[in-house]
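Reading through the structure tokens given below for one structure.
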Amino acid sequence: MIPFLIELLKIAFLLQLIFAFASLCTWFERKASALIQNRVGANRAGVYLKSDNFFLKPFIPVLKFLGILGVVNTLFCDAVKAIFKEDFVPSHTSRFLHTLAPFASVVPIFMAFAVIPFAPDFVIGTHLIRPQVAQISVGILFVFAMTALAVYGVMLAGWSSDNKFSLLGALRASAQMISYEIAMGTIFVTMILSYATLDLYKMVELQIDGVWGVVNQPLSFLLLFIVGMAETKRGPFDLPESESELVAGYFTEYSGMKFLLFWLGEFAEIALFSMILTILFLGGWHLPGVSFATNSLLGTIVGHFVLVLKTAFLCLVQITLRWTLPRFRYDQLMRVGWNVVLPISLVNLFLTAVVKVFF
Amino acid sequence: MIDSLNQKQKLLDFDYGAGGIETTMRSRALNDDLHTETMVVSIGPSHPATHGTVRIVAELSGEKIIDADIEVGYLHRGFEKMCETVNYNQVMPYTDRLNYVSPLINNFGWCLTIEKLFGVEVPKRCQYIRVIMSEISRITDHLTCLGASAMELGAMTVMLYMMEAREYLWELIEEVTGARLTVSYGRVGGLNGDLTPDFAEKTREAFKKVRRLVADSDKLLSRNRIFMDRMCDVGKISREKAIAYSLSGPVLRSTGVAYDVRKAYPYSSYQDFEFIVPVGSKGDNYDRFLVRMIEIEESIKIVEQALTNLPDGPISLSDPRIVIEDKREVYGSIDGMINHFELVIRGPEPPIGSTYFQVEGGNGELGFYVVSDGSGKPYRAFVRAPAFIHMGAFREMILGHSLSDIIPTFGMINMIGGECDR
């Protein structure tokens, strides 16, 4: 019974982690872009709250402060707005497929999180708890498989919308995601070679004992960062949804919660890639110079926050890039994918293999 | 019965081009090994890319444009016909709404045309103020064009930097004219009012900020590899073609033709100022971008020269047939009273004849052709709007490029709906 409860708690914790990161990315998107562009950004929601209720009163100043920071807007207003909007489905399309599409693009991303270890082990009573929902030995391959599945949601959305712009956006997105997945796979293989394991938890442990992955494999880090941005269809790679050409790309015909689900999936994917980068290259929960007793609760809590901070930093870097660079054209993106990223990652893989065998 | 059937068949057989039937997919090359069909997408009139109201019906093979049909006229308000119903000074608010990102140039273009009809020249101070205000408007025009194009290529930040710079300039315009967009500042034979006393100081302050913001945008874009890849060799047009299409302004200058109305046919004392006319070499979007970037700096220099050498004197003609006299005259003398009455009721009455006058607008040669029958209202007026003429060459610029290339090309032409559709 207790192991089952522990599993449930882990799943609940992971889910809140995903939602927290999605909200954090939205907040970054609002306020970081505002900072970059000399704007103020969202600062109105929650500021004008008034209540004489005994229980609510203490929270009003807190809410006002959060409102000025734009947090209230991100946490509450978006969801409320999306829920109360009309759920629009175009006529003469399959309502089932149209509704399935946002789920098909969100669920695989959420599932990929299952193999991510988000803190070091700890012991409560007699139970050794590993903060990882699915302890499978091929963790990194599972991530790869799940992110590859996300393309189906995009394809379905473009196809079931009965809109030419959606279709073009979906075509672009699927071509882009599939092209960059090849490079991503190559980089993953390089990292598997480098660590000689497929288990993400062991990879972090190896980095804690040795050096961070970014020291060993700086090129892989850079490549995976680029590929991750292309895979999440953001930053300079956001041409499937380029608002000036394709209105909104594959989710042109979506509104309300379905639209929000696409965004949730996108931000969750940013968080996923940032987390994978942290775990593969930035030492996971490793804080250099600080060590805790093995399997201590304190070590777990600190480790978790270290991981979260590193991930948040990478998210912020991605969002900063997105607000700095213009976007590619479709053929240029393909050229970058096939002529630049893939050959470099193949050479990198070859060199890693040579080093592994001979040195 | 048979006749009407034949007529219908004729209508069906007629090839409307891509614009005729937009929902069907035209099959092409049925004998090809791999049978493919092209797709027709209708971009606009209401689409994020078409910031004027224009409709581009593009036939796509994959993402490549193999045919395109450009439809303008969605913003037609009958400017030219409206001009015939009001007197020459009352046309001023209509000209504000031609190219609404640089309304002052339109004002002065109209004024200069009517002054040419009268055969008069305004005082030197008025000419200098017109130069100052025109050049500030030109900067706002270029900032709008570059910022909007950058935004459409995904560089939202640059757009907001440029909008901030434009805001400083619009504050200057508001200071002098009292309005940001619908300025109506020009008058036949003069101006609505003089510059404010601390205008020169405020302009220098504003230019400092504008220069900083333009430099920031320049750093973000001009040598940015992604931006250059998007702009270079896109929307190309040859020098001969550009002249044949009678293009003008930055679009023409990007092809290497150094034609600028301010240099070729100086008006409003433009011969007094030193400035260079930047020219490109390839005639692609990147050249247009650079030409506009350099012109911003040149315009700032012109304004600075004009402010340093600004002569004293009246800002309007002292001809009571053209310009309303001082209020003291109007209330104090019978002649002044009658002149005021005549001007307000009948308007300034130029001699019978017709004339054409061109000024350098933000996007090219802005010309007015006016026919006068001796009354206070134009008998006929025509606007040579650069955007309208540029849209004629637009199809040629985008053919063979990809769908994404419509965006920077359209942005760099800077089609303004109000001017194009009149």
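The values are calculated or read from the model by the stated rules, or taken from the named source; none is laboratory data. Just so it is clear, the model here is predicted, and its values are computed rather than measured. Cβ sites come from the backbone with ideal geometry, for glycine too, and all protein chains shown count toward neighbours. Just so you know, the surface numbers come from the protein's heavy atoms only, side chains and all, with ligands and any DNA or RNA stripped out. Shrake-Rupley method; radii C 1.70, N 1.55, O 1.52, S 1.80 Å.
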Looking at segment B:222-252 only, could you name the residues that are touching a residue at least 12 places away in the same chain (Cβ under 8 Å) and touching a Phe, Trp or Tyr at 6+ places or on another chain (Cβ under 7 Å)? B:Met228, B:Met231, B:Cys232, B:Ser248, B:Leu252
Take the residues in segment A:227-279 that are closer than 26 Å to A:Val204 by Cα and within 14 Å of chain B (Cβ to nearest Cβ), then tell me which one is farthest from the chain's Cα centre (by Cα). A:Ala230
Taking segment A:198-221 and keeping residues open to solvent by less than 10 Å² (accessible area, probe 1.4 Å) and either in contact with an Asp or Glu (Cβ under 7 Å, 6 or more places away or on another chain) or β-branched (Val, Ile, Thr) (or both) leaves A:Val204
With criteria (1) more than 14 Å from every other protein chain (Cβ to nearest Cβ); (2) among the β-branched types (Val, Ile, Thr); (3) within 24 Å of the chain's Cα centre (by Cα); (4) not in a helix (DSSP H, G or I), A:Thr294 comes up short on (3)
It is to be established whether one or more residues within segment B:98-106 are surrounded by fewer than 24 Cβ atoms within 10 Å (Cβ to Cβ) and away from every other protein chain (no Cβ under 14 Å). yes
Tell me, please, whether a residue that is within 12 Å of chain A (Cβ to nearest Cβ), open to solvent by less than 20 Å² (accessible area, probe 1.4 Å) and in a helix (DSSP H, G or I) can be found in segment B:129-142. no
If you go through segment B:163-178 one residue at a time, do you hit one that is among the hydroxyl-bearing types (Ser, Thr, Tyr) and surrounded by 24 or more Cβ atoms within 10 Å (Cβ to Cβ)? no
What single numbered condition from (1) in contact with a Lys or Arg (Cβ under 9 Å, 6 or more places away or on another chain); (2) within 14 Å of chain A (Cβ to nearest Cβ); (3) of a type in the set (A, V, I, L, M, F, W, C) fails to hold for B:Met163? (1)
Could you name every one of the helices (runs of 4 or more DSSP H) located completely within segment B:216-322 that has at least 2 residues being open to solvent by 30 Å² or more (accessible area, probe 1.4 Å) and within 18 Å of B:Gly361 (Cβ to Cβ)? B:261-264
Taking the condition open to solvent by 20 Å² or more (accessible area, probe 1.4 Å) and either in contact with a Gly (Cβ under 9 Å, 6 or more places away or on another chain) or part of a helix (DSSP H, G or I) (or both), does A:Ala175 pass? yes
Output the qualifying pairs, or none if there are none: Cβ atoms under 7 angstrom, residues six or more apart or on different chains, first residue in segment A:294-308 and more than 20 Å from A:Ser274 (Cβ to Cβ), second residue assigned to a loop (DSSP other than H, G, I, E, B) and open to solvent by 30 Å² or more (accessible area, probe 1.4 Å). A:Leu298/A:Phe292; A:Gly299/A:Phe292; A:Gly299/A:Ala293
Just to be sure I understand, how many residues within segment B:168-180 are assigned to a helix (DSSP H, G or I) and under 19 Å from the mean Cα position of the chain (by Cα)? 3
Would it be correct to say that B:Tyr74 is under 21 Å from B:Arg138 (Cα atoms), open to solvent by 30 Å² or more (accessible area, probe 1.4 Å), touching a residue at least 60 places away in the same chain (Cβ under 8 Å) and out of contact with any Phe, Trp or Tyr (no Cβ under 6 Å at 6 or more places or on another chain)? no
If I ask for residues that are within 25 Å of B:Tyr270 (Cα to Cα) and open to solvent by 40 Å² or more (accessible area, probe 1.4 Å), which ones from segment B:358-398 would you list? B:Tyr369, B:Phe382
Enumeration of residues in segment A:297-330 that are within 14 Å of chain B (Cβ to nearest Cβ) and in contact with a strand residue (DSSP E or B) (Cβ under 9 Å, 6 or more places away or on another chain): A:Arg329, A:Tyr330
Can you name the residue in segment A:32-52 that is within 14 Å of chain B (Cβ to nearest Cβ) and at negative phi and is also most open to solvent (accessible area, probe 1.4 Å) among such residues? A:Leu35
Selection status of A:Leu224, more than 30 Å from A:Gly289 (Cβ to Cβ) and either within 14 Å of chain B (Cβ to nearest Cβ) or open to solvent by less than 10 Å² (accessible area, probe 1.4 Å) (or both): no
Would you pick out the residues in segment B:381-422 that are hydrophobic (A, V, I, L, M, F, W, C) and within 13 Å of chain A (Cβ to nearest Cβ)? B:Ile398, B:Leu403, B:Ile406, B:Ile407, B:Phe410
Restricting attention to segment A:77-96, which residues are under 25 Å from the mean Cα position of the chain (by Cα) and surrounded by 15 or more Cβ atoms within 10 Å (Cβ to Cβ)? A:Cys77, A:Asp78, A:Ala82
Looking at B:Val183, is it buried (at least 22 other Cβ atoms within 10 Å of the Cβ) and not in a helix (DSSP H, G or I)? yes
Single residue of segment B:143-157 satisfying the filter (within 12 Å of chain A (Cβ to nearest Cβ) and among the polar types (S, T, N, Q)) that is nearest to the chain's Cα centre (by Cα): B:Ser149
When the residues of segment B:33-57 are filtered to those that are in a strand (DSSP E or B) and hydrophobic (A, V, I, L, M, F, W, C), which remaining residue is modelled with the lowest pLDDT? B:Met39
Counted residues, segment B:48-66 - those being touching a residue at least 60 places away in the same chain (Cβ under 8 Å), more than 12 Å from chain A (Cβ to nearest Cβ) and open to solvent by 30 Å² or more (accessible area, probe 1.4 Å): 2
Taking segment A:308-334 and keeping only residues that are in contact with a Cys (Cβ under 8 Å, 6 or more places away or on another chain) and of a type in the set (Val, Ile, Thr), one is left with A:Ile319
Hey, can you tell me all the residues within segment A:333-359 that are surrounded by fewer than 18 Cβ atoms within 10 Å (Cβ to Cβ) and within 14 Å of chain B (Cβ to nearest Cβ)? A:Met334, A:Arg335, A:Asn339, A:Val340
Just wondering, is there one or more residues in segment A:256-267 that are part of a loop (DSSP other than H, G, I, E, B) and either at pLDDT 85 or above or open to solvent by 10 Å² or more (accessible area, probe 1.4 Å) (or both)? no
Scanning for something free of Cβ contacts under 8 Å to residues at least 24 places away in the same chain, of a type outside the set (Ser, Thr, Tyr) and not in a loop (DSSP other than H, G, I, E, B), does segment A:70-83 turn up at least one residue? yes
Going through A:Ile182, A:Ile276, A:Ile187, A:Ile270 one at a time, which residue ends up being aliphatic (A, V, I, L, M) and either open to solvent by 10 Å² or more (accessible area, probe 1.4 Å) or without any contact (Cβ under 8 Å) to a residue 40 or more places away in the chain (or both)? A:Ile182
